[in-house]
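**Student:** One structure coming up, written as structure tokens, with questions to follow.
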Amino acid sequence: MKLIFAKSVEGRRGLRLPASDVPAAELPQELLREQSAELPEVSELDALRHFTLLGRQNMGVDTNFYPLGSCTMKYNPKINERLAALPGFTELHPMLAQLPEGEQYCQGALALLYECEKLLAQACGFADSTLQPMAGANGELTAIMMFAAYLKSKGETRRKVMLIPDSAHGTNPASAAVAGFTCREIASNEEGDLDIEELKKALNDEVAGIMLTTPNTLGFYNSSVAEVVALVHQAGGLAYCDGANLNAILGRIRPGDLGFDAMHINTHKTLSTPHGGGGPGSGPVCVAARLLPFLPQPKVHKNAEGLYSLSEDAPQSIGYIAPYYGNFSIIVRAYAYMLMCGGNGFQRISENAVLSANYVRERLAPWYEQKYERSCMHECVLSASRQSALGVNALDIAKALLDRGFHAPTIYFPLIVPEALMIEPTETESKQTLDEFCEAMIAIAKLAEENPEELKKAPLSTPVGRLDEVTAARQPLLRV
Amino acid sequence: MPFIANTDAERREMLAFLGLDSMGQLWQKAQVPEPEFDFSQMPEGISELEVSQKLQGLASKNDNGLICFLGMGHYDHFIPAAVGEVLGQSGFYTSYTPYQPEASQGTLQAIFEWQSAICRLSGMEVANASLYDGGSAIFEALTMSLRTLRRRREVVVSEALSPIYRKMLDTYCASLDLKINYVPALDEKSDIEGILAAVNEQTACVIVQYPNVFGTIEDWSAALTEIKAQGALTVCSAYPSALALLKTPGEMGFDIVVGEGQPLGLSLAFGGPYLGYMCTGNKLMRKMPGRIAGQTKDTQGRTGYVLTLQAREQHIRREQAMSNICSNKNLCALAALVYMTVLGKQGLREVAQLCHNKAAYARQRLSAIPGVETLGDSPFFNEFVLQLPRPAESLLAELLKKGIAAGVPLGKYYPGRERQLLVAFTEKRSKEEIDLLAENLEALL
């Protein structure tokens, strides 16, 4: 499609602004830009048509099954969108709550933040939570910064090593590095779990803690996770739960009960808030009692009369993670979702998510290799290694799925599975959809045996075919 | 109501396919222990109607009828209806990161257009797909400078940078082996001499705000030449709406431009989601954090878009990555793109001019009140500092009772400025509202 800039016509307008009701004021010429910014000049209709057509070039949850592993592409309830758009929420300036007596004018918003923090902490088994982190990776960083502050307060500054399993998402080591730690990778054993003997070898008085995705990125629940946490604690370290896969255990296992000191939650995964084509998400962090003094500020409090206010009086707090209280409109959606689900609903979410993933895994087992032969949680990781021997790799299978009306699974992750296809169906998809998807996967597996060349041409039905990523990186063209 | 599709019969069928009779057996096979916590202790789920009523109730306990003169980085600008209309399209909001570019051209082309538009506005050469917010973007610019100038471990920051962003910097930098030199402001201005004196061969970057936190417009062109002579990089946190009118950071010669994109079509929403933007020059392109979209061709020679230069990112480089950032603020960047498109070349300029007109009128009107003064006579954009005859905090509380959120008292952030109030004006504020502020303020003094 043509760029919006190519549709621009000099003098065309999309919006009329009111005339100035005060005298025009001039700024000194030397402070003004030489030429106007060359932004598009289009009508409102031109703009709407352009962006509407662009939006139709995307697959989304509302139009396609989107089994992108580790991303929990569940349905985004429409009521959440409507509630987040209430003017009583959208028009509030965040500074209002920090003005003298200003909190009186935003009691509803403060109450929502407070109640949401408590509800999350309860659902995950922790003492409290913060809603400030603006994304999952930002939540990881917040938690690891709290670990750093805690260790410093105990005089344990030599603890500079963060242990991270080899199956971890890339943000774990990256977040640990930003928070000032060095990373040590721990291998997985032949069942796909963290190797406890390797862990024991790595534990010493330089270890700050461990970052453990639970269930792990292979989609497996490690039944010795509580033992792992206890071992790290005995060695003087802290344990962090990457909650990216919370959808698998919500309503059944609370990471706080396993002994974890902190965890983050991706509201855009487990709590149904939209992914927005890559954000905004939100990454609240829950903490155990010993980390409470280190939570970010400002923090919402509720007094004996039931009035809410902000405080900034925690001397050990790590400070400000977000300019104010996090991605508030996203929190509104997550809170509405949690209220609708309730405790019993949480249980049904994980049950159905786990059942669907195992169903897909079992249906595709005759056709696709599995590095580990065991029941999975909310997602299953298959391997295209059998097809790869025929010249068809995970990428080809992904593209062939697009032609069949399905978004592709996550591919080539986790790194420890060759030709990985990571499929996460979520609880909101029906058996019919799963069956149709499995049939497409089976048809592709057959085609790989019969006519592999056919798959190399995919996708053919999308607005563009396979794109030249090498040239894009070597001769970057990043704007017009 | 957890939005589950399958019926009990379908679940039984699926379990039977797995050779199981109950979900309990599946949990056992997946090695998941029995629950320790009884989730039925938590509140029961409620219906869509009930949740609507409950949240409408909470929303109604917020007073969004106050006349807003609050700014300090986040402003009450008008948002054209077209913005919400585009954001509400499911192709945009129910999709995810464009990992499969063929099925995500809408998002990728929009990012490419956003990168183009924000470069044109800031006068810079390249931009990324967006960052979390204006504050974290400053931190990313700081670490980008440290990566570029590896042996330098000092940073110079003007205290005329938003105090909120300075607090965020302190948090994010806590574990870095780094010295931050904060240079105090002089009245409503940055202390340019002080900043130049603080720069040395250890300085990785100098960070300033434009217009500064007090609303003052400062031309950094001459100072940048001196800073660059010391080999340091220069970072500007800029208010994007102002750039439609003012000399751009690019024209002044900044190396990295970041800022808060909220004024470009995003609601205030009690703190977010907001939008960090980042632009730089071609030579620092590969040092930039975050996602970047690039134009390329498909196998048939058709133009298309992909995420590119990914070797910088955490999913490839892990702990060696440029940043831990994974997502961007994609939908927020789309909002800003639609805003810039609908307002267009002329509209954005008119908004900036209206903001300045209102502020200029207000400055004249408010400083005519006996006992009320403005600090200095520097040029300002849409925000300035009022010096009041009484502590600003108590006056502000009284004005709130009159339905006016009159501004941000500066004493909390700048000791010694207890009688100062930072007031902001957008195109939404009418002459009538400004007069009302003046009358009420005068009556209280």
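Any read-out appearing in this document is the output of simple, stated calculations on the displayed coordinates, not a laboratory observation. For clarity, every value in this text was computed on a predicted model and none was experimentally measured. Glycine gets a Cβ as well: all are built from the backbone with ideal geometry, and neighbour counts include every protein chain shown.
**Student:** Considering region A:82-340, what Rg and Dmax in Å follow from its alpha-carbon atoms?
**Tutor:** Spelled out, the Cα radius of gyration and Dmax of region A:82-340 are 18.3, 60 Å.
**Student:** Compute the distance from the alpha-carbon center of region B:129-171 to that of region B:56-96, in whole Å.
**Tutor:** If you average the Cα positions of each part, the centres end up 27 Å apart.
**Student:** Once amide H atoms are placed 1.01 Å from N in the peptide plane, what residues at a sequence separation of 5 or more from residue B:246, or on another chain, have their amide H within under 5 Å of its amide H?
**Tutor:** Amide H to amide H, under 5 Å and 5 or more residues apart or across chains, residue B:246 pairs with A:33.
**Student:** Dividing the Cα radius of gyration by the Kirkwood radius, what Rg/Rh value follows for region A:76-228?
**Tutor:** 1.07
**Student:** Apply the Karplus curve 6.51 cos²θ - 1.76 cosθ + 1.60, θ = phi - 60°, to the phi angles in region A:466-480 and return the couplings in whole Hz, x for Gly and Pro.
**Tutor:** So the J values, rounded to whole Hz, are 4, 9, 7, 7, 5, 5, 4, 7, 7, 10, x, 10, 10, 6, 10.
**Student:** Would you calculate the convex hull of the Cα atoms in region A:441-480 and tell me its volume per residue in Å³?
**Tutor:** Dividing the Cα hull volume of region A:441-480 by its residues yields 99 Å³.
**Student:** Also, quick follow-up: Could you grab the Rg to Rh ratio for region A:172-217? Cα atoms only, Kirkwood for Rh.
**Tutor:** 0.97
**Student:** Please report the antiparallel percentage of the DSSP beta bridges confined to the protein assembly as shown, to the nearest 5.
**Tutor:** 55 percent
**Student:** Magnitude of the Cβ-charge dipole of chain B, K/R +1 and D/E -1, about the Cα centre, nearest 20 debye?
**Tutor:** Computed about the Cα centre, the dipole is about 1180 debye.
**Student:** Which residues' amide hydrogens lie under 5 Å from the amide hydrogen of residue A:210, considering only partners 5 or more residues apart or on another chain, with H built in the peptide plane?
**Tutor:** A:163, A:238, A:239, A:240
**Student:** How high is the FRET efficiency between residue A:454 and residue B:50 when r is their beta carbon distance and R₀ equals 45 Å, given to the nearest 0.05?
**Tutor:** 0.30
**Student:** Report the paramagnetic label zone for residue A:158: residues of region A:231-257 whose backbone N is under 16 Å from a point 7 Å from Cα along the Cα-to-Cβ axis.
**Tutor:** Hits in region A:231-257 for residue A:158 at 16 Å: A:235-237.
**Student:** Using a Förster distance of 35 angstrom, determine the FRET efficiency expected from the C-beta separation of residue A:442 and residue A:204, and round it to 0.05.
**Tutor:** 0.10
**Student:** With contacts defined as alpha carbon pairs under 8 Å and 6 or more residues apart, what's the relative contact order of chain B in percent?
**Tutor:** Computed value for chain B: 20 percent relative contact order.
**Student:** Sticking with this structure for a sec: Set Lys and Arg Cβ to +1 and Asp and Glu Cβ to -1, take the dipole of chain A about its Cα centre, and tell me which of A:425, A:231, A:151 lies farthest positive.
**Tutor:** A:425
**Student:** Report the convex hull volume per residue for region A:157-269, counting only C-alpha atoms, in Å³.
**Tutor:** For region A:157-269, the hull spanned by Cα atoms encloses 95 Å³ per residue.
**Student:** Computed over the Cα atoms, what is the radius of gyration of region A:321-369 divided by 2.2 N^0.38 Å, N being its residue count?
**Tutor:** Against the compact-globule rule of thumb, the ratio is 1.81.
**Student:** What is the order of B:177, A:396, fewest Cβ neighbours within 10 Å to most?
**Tutor:** Fewest-to-most Cβ neighbours within 10 Å comes out as B:177, A:396.
**Student:** How big is the dipole moment of the protein assembly as shown about its Cα centre under a simple scheme where the beta carbon of each Lys and Arg is +1, that of each Asp and Glu is -1, and everything else is neutral? Debye, nearest 20, please.
**Tutor:** 1240 debye
**Student:** Which of B:39, B:270, B:139 comes first, and how do the rest follow, when ranked by fewest Cβ neighbours within 10 Å?
**Tutor:** B:39, B:139, B:270
**Student:** Related question: Hey, fewest Cβ within 10 Å first, where do B:292, B:4 land in order?
**Tutor:** Fewest to most other Cβ atoms nearby, the residues stand as B:4, B:292.
**Student:** How big is chain A by Rg and Dmax over its Cα atoms, in Å?
**Tutor:** According to the Cα coordinates of chain A, Rg and Dmax are 25.0, 77 Å.
**Student:** Here is a follow-up. Given +1 on the Cβ of Lys and Arg, -1 on the Cβ of Asp and Glu, and no further charges, what dipole in debye does region A:343-456 carry about its Cα centre, rounded to the nearest 20?
**Tutor:** Magnitude of the dipole: close to 220 debye.
**Student:** Is it possible to state the helix-based mean residue ellipticity at 222 nm for chain B, with each DSSP H run of 4+ residues giving -39500 (n - 2.57), the sum divided by total residues, to the nearest 500 deg cm²/dmol? What is it?
**Tutor:** One gets -11500 deg cm²/dmol as the mean residue ellipticity at 222 nm.
**Student:** For region A:362-480, compute the orientation-averaged projected area of the C-alpha convex hull (one quarter of its surface), in nm².
**Tutor:** It is 9.2 nm².
**Student:** Which three extents, in angstrom, do the Cα atoms of region B:8-60 have along their principal axes, listed largest first?
**Tutor:** 52, 28, 13
**Student:** Hey, another quick one. If one computes the Cα centroid of region A:401-458 and of region B:266-326, what distance in Å separates the two points?
**Tutor:** Spelled out, the Cα-based centre of one part sits 27 Å from the other.
**Student:** Quick one: pull the percentage of alpha-carbon pairs in region B:81-338 with a separation above 24 Å.
**Tutor:** 46 percent
**Student:** A follow-up question, please. So for region A:82-340: antiparallel DSSP bridges make up what percent, rounded to the nearest 5?
**Tutor:** Bridges in region A:82-340 are about 40 percent antiparallel.
**Student:** Once all Cα-Cα distances of chain B are split into 10 Å bins that start at 0, what whole-number percent is in each one?
**Tutor:** 4, 18, 25, 23, 16, 8, 4, 1, 0
**Student:** Over all distinct Cα pairs, what is the inverse of the mean 1/r for the protein assembly as shown, reported as the Kirkwood hydrodynamic radius in Å?
**Tutor:** Here the Kirkwood hydrodynamic radius works out to 28.2 Å.
**Student:** While we're on this one: Send over the semi-axes of region B:275-353's equivalent ellipsoid, whole angstrom and largest first, taken as the square roots of 5 times the C-alpha gyration tensor eigenvalues.
**Tutor:** 28, 19, 12
**Student:** What distance in nm separates the two pseudo spin-label positions at residue B:16 and residue B:320, each 7 Å out from Cα along the beta-carbon direction?
**Tutor:** 5.5 nm
**Student:** Specify which residue in the list A:394, A:344, A:409 is farthest towards the positive end of the charge dipole of region A:343-456, using unit charges on the beta carbon of Lys, Arg (+1) and Asp, Glu (-1), about the Cα centre.
**Tutor:** Final value for the positive-end residue is A:344.
**Student:** I need the Kirkwood Rh of region B:186-283: take the reciprocal of the average 1/r across all distinct C-alpha pairs and report it in angstrom.
**Tutor:** About 14.4 Å, per the Kirkwood formula over Cα pairs.
**Student:** Under a point spin-label approximation (7 Å from Cα along Cα-to-Cβ), what is the residue A:369-residue B:179 distance to one decimal in nm?
**Tutor:** Using points 7 Å along Cα→Cβ, the separation is 5.6 nm.
**Student:** Could you point to the residue in B:211, B:223, B:139 farthest towards the positive end of region B:81-338's charge dipole, with +1 and -1 charges on the Cβ of Lys/Arg and Asp/Glu respectively?
**Tutor:** Value: B:139.
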